[in-house]
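Trainee: Structure in C-alpha cells, see below.
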Amino acid sequence: MKIGILMPRQRTSRRSPLMPEVLKLLREFGATVDVIYPDDHVTDVGSLRVEHDLYVLRSDTELALSVAGALHAIGAPILNPWPVASMMKDRIAAARRLAAAGIPVPETHVTCVPQRLAHLLEEGPLVLKPARGARGRGMRVVFEPDELEEAGTGGPILAQRYHRPDGADRKIYCIGGQLFGVLRRYPALSYHEKCGESFSIAPELREIALGCGAAFGVDLFGIDVVVSEGKPWVVDVRSFPGFRGVPDAALRLADYIYATAQRVLAGHAVAELPGLNTIGERKAVTA
Amino acid sequence: MKAVLVGPGRIGCGFVGQLLRDSGYEVVFVGRGAVVENLARVGRYIVRLTDGRFTDEVQVRPVRAVSTSQEDAVAAEIASADLVAVSVGAQNLVAVAPLLAAGLLRRTSPVNVIAFENCNDPAGCLKEAIFRIAPSLRDAGHGFSGAIVSRIVARRIGDPAGSEPLVFLGDPPEGFIVHGPSLRAPLPKIPGLRSVNDYGAWLMKKLYTFSAGHAAAAYLGALKGYHYVHTAVRDPEIRTAVRDAMEEGRRGLARRYGPELAGDRRELEAILKRFENAALDDPVLRVGRDPLRKLGREDRLVGAARLAAEAGVQPRRLALVAAAAMCFGCAADSGIATCGPEATLRTVSGLDPQQGLGREVASAFTRLTEGREEDNVLLSLRELVWSWARKHDPDAQPALRIA
C-alpha cells in the first residue's frame, strides 16, 4: 500500500503533533508513506504520475491544491477528492453549497470593495473574511462603516452577518462519518484552551454536521459552529482540519486513511460525490 | 503418506494444509464451491506469513482437491488416507459427518481424525455425529482429537474463479495441541504438533486468554469506532481493557490448573503484540462476528468470567466486553436484538441478569446502550462518554457537556 501525503510547507515551529503521529502509525501498519511538500519543491507538472494508491490532501495552500488538481486530472484517488477540497477552500462556493443543502449559514455577501458593504451594517455587524482562506486568518468583525476602510485586502472578501456567540466556539470534526465535538474559546490563550474540551453533540448539531458532509459527499471534514441566541450557524468548513481536541485523533485518522486506502485498492472510489456540478436547493436539515 | 483435509478455508489452507505438506503428506482437499475448484485447477496455493515486520511466503504444492458433490471419490480418498483433518467451522461439523462416515466405512484399517476447530470438544461432537450415522464405526478403532491452533489466518486473497494461486495471510506461529490419548499411536509427525493429556485445560487457556483478548479488542474497538484490531489495540484504553480481560481469564486458569498452564503476564503481552500486527488486516467486524456463540456459557467471555469469579477475581473487564459483544450483536442483527438482552443472557450465557455476573453484564449493557447507535462512537470507556447524545441535556457538565 503506497500513500502520498500532500503536506503544508515544512516549518520548524507551529507544527502540530498530529500528522507525524499519523505518518508513524501508517508506517507501523505496513504502508509505504511518502510525504510531499508541494510548496517546498519545484513540481514538473508534465511528468506528474499517479505513483500512490491513495493521496491524502492535508495541505490547503494554493499550490498544494493545484498539484492535487493536476493529480486529480490524471485519475489519482485523493482524500478528500480535489473538487471537494477546492470548493471547501473557496468560502463563497462553500457557503452557497451549504445553504443549498439547507444548512443554516449566516447571510453572506461577497465583494472586492469593502466600502460597498456599508449599507449592510445598518442591519447589524458583519464578519469579514478572505474569500479563500482557512482558520481565523484575516477575519474581523466590523460594526461601523468607517471600519470598512481598513478591511480591504485587494482580493475578494466574504461578509457574513455577525451572530454574537452564546459561549465558546463549537468545532465539529468528522472522521469516517464519526463526529467529534470540541468546545474552544476564541481567542485561545493557552495550549489547553487551544485543545478545547470534548462535548457530546446534541441532536440538532448532529443533523447539521451530517448535512454538511452530505452536501459535499465526504466523511472527513471539520465545521465551525456559532450558537447565537440558541440558534446554530455554520460559519466555516474545512476539508482536512487539525482535529485538535479529538480523543485519539491520530489513531482514528490513521485507521480511517488505512481503511480508505484498502477500499481504493479493492476498486472503490474515495467518496461518492453528490452531483457537485449541479446545486439543487434542498430542504433545510434543521427544524 | 496421504492426508485428506475437509474444509479448504482460512485455517484449513492457511495452517493445516501447509503443515501437512511441509511434513511430506500428499494433501487432498475436500470442499465445495469456487475455492476447491481453484485448488483442483491450479494445484497449489501460497501461505503468506507475517509478524508485521518480516514476511515469508510458503508455496504449498502440489495439492489435489475433490468436491463434496463427488461423494464416491471423497469416500475413496478417505478410505486410503493416512490422516484425516477437518476444518469446516464448529457449526458445520455435524453436516460433514455423513461424508466422513462413508469414507471411514470403506477403510480396512483405523485412522486418526483431527478436527481443527476453535470450540469445546469438536472431536466428541464429530465422533458422535459419525457414530449416529454408522454405529459400526464405534468399534473400528479410529482416533479422534480436536486441535487447538495457535496461528491467526486473517484472510484469503485472490479470485477463486481465476487461474492464479490463492494466498492465505496469517501470522507465523505453527504450534497446535492435540489430545494424545484419543489418537492412535504413533502420532503423525507434523511440525508444531504437541500432544497433551489435559486437552480441555489447554483449550480453556486458548479461549480464556487469546480468544477472549481478541474478542475484547474487536468488540471494544467497534464501540470506539475503529475498523481494525491492530488499531483498536493501539488505543490506550482498549489496550488496558484487553490486557485486563485476559488477566482475569488467566487468574481463573491459574487457580484451577496451576500457574504453569496459565502462563504469566509476559505471555499476555506477547498476545497483545500479535494483535498489533497490521499486516493481517484483521477487521473488527470479522473478529467480532458470531457474537451469540462467543457469549456462550463456556465460551471465551462468559466462560472466562465464570472461571475468574470462581477464583475470587471480580471479572469486571470481561463483563464489560460481554456487554460490548451484546451491543455488537444488536447492531449485527445476530438475534440478540430480537430476543432481547435478558433472554440472551439467560438462554445463551446461562446467567441470571438479576444477580452476580449476569447483573454485572446486564448493568454494563444498559449503560452502553444509553448512547449506542450505529454511527455513534464511544469516546471514553471509563466514563462511557459518547460522541453524540440522543437528547439535549442543557445541564450536562464537561467532559460530558452536551452542546
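Values quoted throughout were computed directly from the atomic coordinates according to the rules given, and no laboratory measurement underlies them. Note that the coordinates shown come from a computational prediction; the quantities given were computed from them, not determined experimentally. So basically every Cβ, Gly included, is an ideal-geometry build from the backbone, and we count neighbours across all protein chains shown.
Trainee: Which of the GluC sites (Glu not before Pro) found in segment B:100-194 are loop residues per DSSP with 10 or fewer other Cβ atoms within 10 Å of their Cβ?
Mentor: Passing both the DSSP loop test and the Cβ count: no residue.
Trainee: Additional query: Calculate, for B:GLU374 and B:GLU37, the FRET efficiency according to 1/(1 + (r/R0)^6) with r their C-beta to C-beta distance and R0 60 Å; round to the nearest 0.05.
Mentor: Here the calculated transfer efficiency is 0.95.
Trainee: Considering the options B:PRO283, B:ILE152, B:LEU384, tell which one lies farthest towards the positive end of the dipole of chain B, charges being +1 on Lys and Arg and -1 on Asp and Glu at the Cβ, about the Cα centre.
Mentor: B:ILE152
Trainee: Report, largest value first, the span of the C-alpha coordinates of segment B:49-168 along each principal axis, in whole Å.
Mentor: 51, 32, 23
Trainee: Taking the Cα-to-Cβ direction at B:ARG132 and at B:THR366 and moving 7 Å from each Cα, how far apart do the two end points lie in nm?
Mentor: Going from the B:ARG132 label point to the B:THR366 one covers 4.0 nm.
Trainee: Please report how far the C-alpha centroid of segment B:91-149 lies from that of segment A:83-138, rounded to the nearest whole angstrom.
Mentor: Here the two parts' Cα centres lie 73 Å apart.
Trainee: Output ³J(HN,Hα) for segment A:221-237: one whole-Hz value per residue in order, computed from phi by the Karplus curve 6.51 cos²θ - 1.76 cosθ + 1.60 with θ = phi - 60°, and x for Gly and Pro.
Mentor: Running phi through 6.51 cos²θ - 1.76 cosθ + 1.60 with θ = phi - 60° gives 5, x, 10, 9, 10, 10, 9, 10, 6, x, 9, x, 10, 8, 10, 7, 9 Hz.
Trainee: Tell me the chymotrypsin sites (Phe, Trp or Tyr not before Pro) within segment B:1-93 that lie in a loop according to DSSP and have at most 11 other beta-carbon atoms within 10 Å.
Mentor: B:PHE54
Trainee: Sort all Cα-Cα distances of segment B:1-86 into consecutive 5 angstrom bins from zero, then give the percent of pairs in each bin up to the one containing the longest distance.
Mentor: Percent of pairs per bin, in order: 3, 16, 28, 25, 15, 7, 3, 2, 1, 0.
Trainee: Can I ask one more? Where the centre of each part is set by its Cα atoms, how far does segment B:198-215 sit from segment A:1-67, in angstrom?
Mentor: 44
Trainee: Now a separate question. Quick check: pseudo-label points 7 Å beyond the Cα along Cα→Cβ at A:SER66 and A:ASP166, how many nm apart are they?
Mentor: Rounded to a tenth, the inter-label distance reads 4.5 nm.
Trainee: What are the semi-axes of the equivalent ellipsoid for segment A:138-274, taken as the square roots of 5 times the Cα gyration tensor eigenvalues, largest first, in whole Å?
Mentor: Value: 30, 19, 15 Å, ordered largest first.
Trainee: Another question, then. Consider a paramagnetic label point 7 Å from the Cα of B:VAL167 along Cα→Cβ; state which residues of segment B:37-68 have an amide N under 19 Å from it.
Mentor: Only B:38-39, B:42-61 fall inside the zone, counting backbone N under 19 Å.
Trainee: Another question, then. Please list, in chain and number order, the residues 5+ apart from B:ARG155 or on another chain whose amide H is under 5 Å from its amide H, with Hs placed from the backbone.
Mentor: B:LEU169
Trainee: Let me ask something else. Can you give the convex hull volume per residue for the Cα atoms of segment B:192-254, as a whole number of Å³?
Mentor: It comes to 90 Å³ per residue, whole-number rounded.
Trainee: While we're here: Enumerate by residue number the GluC sites (Glu not before Pro) in segment A:121-192 meeting two conditions: DSSP loop (anything except H, G, I, E, B), and at most 14 other Cβ atoms within 10 Å of the site's Cβ.
Mentor: Working: sites: A:GLU122, A:GLU123, A:GLU147, A:GLU149, A:GLU150; in loops: none.
Counting only loop positions with at most 14 other Cβ atoms within 10 Å, none of the GluC sites (Glu not before Pro) in segment A:121-192 qualifies.
Trainee: If you consider only alpha-carbon coordinates, what radius of gyration and Dmax does segment B:109-162 have, in Å?
Mentor: 15.3, 45
Trainee: Please report the relative contact order for segment B:153-211, taking Cα pairs under 8 Å with a sequence separation of at least 6, and give it as a percent rounded to a whole number.
Mentor: Reported as a whole number, the value is 25 percent.
Trainee: Follow-up. In the protein assembly as shown, how does Rg compare with the Kirkwood Rh, expressed as the Rg/Rh ratio over alpha carbon atoms?
Mentor: Expressed as Rg/Rh, it is 1.05.
Trainee: Sticking with this structure for a sec: In the neighborhood of B:LEU183, defined by Cβ-to-Cβ distances under 14 Å, what is the net charge if each Lys or Arg adds +1 and each Asp or Glu adds -1?
Mentor: Working: positive: B:LYS127, B:ARG184, B:LYS189, B:ARG194; negative: B:ASP82.
Around B:LEU183, the charge tally is +3.
Trainee: To the nearest µm²/s, what D does Stokes-Einstein give for segment A:30-125 at 20 °C and 1.002 mPa s, using the Kirkwood radius over alpha carbon pairs as Rh?
Mentor: Taking Rh from Cα pairs, D becomes 133 µm²/s.
Trainee: If amide hydrogens are placed 1.01 Å from N in the peptide plane, which non-local residues have theirs closer than 5 Å to the one on B:PHE176?
Mentor: Close amide H contacts, sequence-distant or interchain: B:LEU193, B:ARG194.
Trainee: By the scheme Lys and Arg +1, Asp and Glu -1, what is the net charge of all other residues having a beta-carbon under 15 Å from that of B:ASP72?
Mentor: So the surrounding residues net to 0.
Trainee: Moving on to the next point. Equivalent ellipsoid semi-axes for segment B:324-396, as square roots of 5 times the alpha carbon gyration tensor eigenvalues: give them largest first, rounded to whole Å.
Mentor: Semi-axes (√(5λ), whole Å): 24, 15, 10.
Trainee: Continuing with this model, one more query. Just need the Rg to Rh number for segment B:253-403, please, alpha carbons only, Kirkwood Rh.
Mentor: Radius of gyration over Kirkwood radius for segment B:253-403 works out to 1.01.
Trainee: Given the DSSP H assignment, sum -39500 (n - 2.57) over each helix run of at least 4 residues in the protein assembly as shown and divide by its residue total; what's the result at 222 nm in deg cm²/dmol, nearest 500?
Mentor: Working: 24 runs with 236 residues, N = 690.
Taken over the protein assembly as shown, the calculation gives -10000 deg cm²/dmol.
Trainee: Could you give me the ³J(HN,Hα) list for segment A:259-264, computed from phi with Karplus coefficients 6.51, -1.76, 1.60 and θ = phi - 60°, whole Hz, x at Gly and Pro?
Mentor: 5, 5, 4, 4, 5, 5
Trainee: Using every alpha carbon pair in chain A, what percent of pairs falls into each 10 Å bin from 0 up to the bin containing the largest distance?
Mentor: The calculated distribution, bin by bin, is 6, 27, 35, 23, 7, 1.
Trainee: Looking at chain B, identify the longest residue range that excludes and avoids all trypsin sites (Lys or Arg not before Pro) in DSSP loops having at most 16 other Cβ atoms within 10 Å.
Mentor: Free of exposed loop sites, the longest segment is B:190-288.
Trainee: Then there's this: For A:LYS89, which lysines qualify as cross-link partners when the Cα separation must be under 22 Å and same-chain residues fewer than eight apart are set aside?
Mentor: Of all the lysines, those that pass the test against A:LYS89 - Cα under 22 Å, at least 8 places apart if same chain - are A:LYS129, A:LYS171.
Trainee: Which three semi-axes in whole Å describe the equivalent ellipsoid of segment B:247-311, each the square root of 5 times a Cα gyration tensor eigenvalue, listed largest first?
Mentor: Details: eigenvalues 112, 68, 8 Å².
For segment B:247-311, the semi-axes come out at 24, 18, 6 Å.
Trainee: Put a dot 7 Å past each Cα toward the Cβ at A:ALA93 and B:ALA201; how far apart are the dots in nm?
Mentor: Simple spin-label model gives 7.0 nm for this pair.
Trainee: Here is a follow-up. Ratio of segment B:122-233's C-alpha Rg to 2.2 N^0.38 Å, to two decimals?
Mentor: Numbers: Rg = 18.5 Å, N = 112, 2.2 N^0.38 = 13.2 Å.
For segment B:122-233, the normalised Cα radius of gyration comes out at 1.40.
Trainee: In a shell of Cβ-Cβ distance under 12 Å around A:LEU79, excluding A:LEU79 itself, what net charge do Lys and Arg (+1) and Asp and Glu (-1) give? Walk me through the numbers on the way to the answer.
Mentor: On the way: positive: A:ARG58, A:ARG263; negative: A:ASP53, A:ASP219.
For residues surrounding A:LEU79, the net value is 0.
Trainee: Let me know the Kirkwood hydrodynamic radius for chain B, please, with Cα pairs as the basis and the value in Å to one decimal.
Mentor: Computed over Cα pairs of chain B, the Kirkwood hydrodynamic radius comes out at 22.3 Å.
Trainee: Moving on to the next point. Any idea what the alpha-carbon Rg over 2.2 N^0.38 Å comes to for segment A:161-201?
Mentor: 1.27
Trainee: Another one. Using the Cα atoms of segment A:5-70, I'd like the radius of gyration and the largest Cα-Cα distance, Dmax, both in angstrom.
Mentor: 12.4, 34
Trainee: How large is the direction-averaged shadow of the alpha-carbon convex hull of segment B:60-105, in nm²?
Mentor: 3.7
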